[in-house]
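Here the structure comes first, spelled out in structure tokens, and everything after it is commentary.
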Amino acid sequence: MSHPIVLTDDSFDAEVLKSDKPVMVDFWATWCAPCRMIAPVVEEMAKEYDGKAKICKIDVDANPAVASKFGIMSIPSILFFKNGELVDKIVGAVPKSQLISKLQSAI
């Protein structure tokens, strides 16, 4: 699992809310330039946290139900879950260190 898990509206609950590991979810879209800027960081983190946390991506255009459920208004939005609960959130393209800090808090 060295790549981010690609989520859908249908797989979100099983992969994120029922996960026994902390989960970072990148809400993104293909047309979003800041989303493309952080995509390589999300890829790196998937490799670095393999076995310790799940790193996931969900395309908000293709999966509007989950984006709506969590009130995603701006992308990229990165949500952090632990034991099925939303524990933190970052909106916008941020440095990798900020993502790591938030994920470490959930581990």
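Tabulated results
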{"read-out": "First in the stretch 84-96 and in contact (Cβ under 8 Å) with a residue 40 or more places away in the chain and surrounded by 15 or more Cβ atoms within 10 Å (Cβ to Cβ), second anywhere and β-branched (V, I, T) and in a strand (DSSP E or B), Cβ under 8 Å, 6 or more apart", "value": "V94/I78"}
{"read-out": "Selected residue [out of contact with any helix residue (DSSP H, G or I) (no Cβ under 8 Å at 6 or more places or on another chain) and at negative phi] from D26, D10, D88", "value": "D10"}
{"read-out": "Number of positions in the stretch 56-83 that are closer than 19 Å to I107 by Cα and touching a residue at least 12 places away in the same chain (Cβ under 8 Å)", "value": "7"}
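No value in this document is a laboratory result; all are computed from the given coordinates. None of these values were measured; they are calculated from a predicted model. Cβ sites come from the backbone with ideal geometry, for glycine too, and all protein chains shown count toward neighbours.
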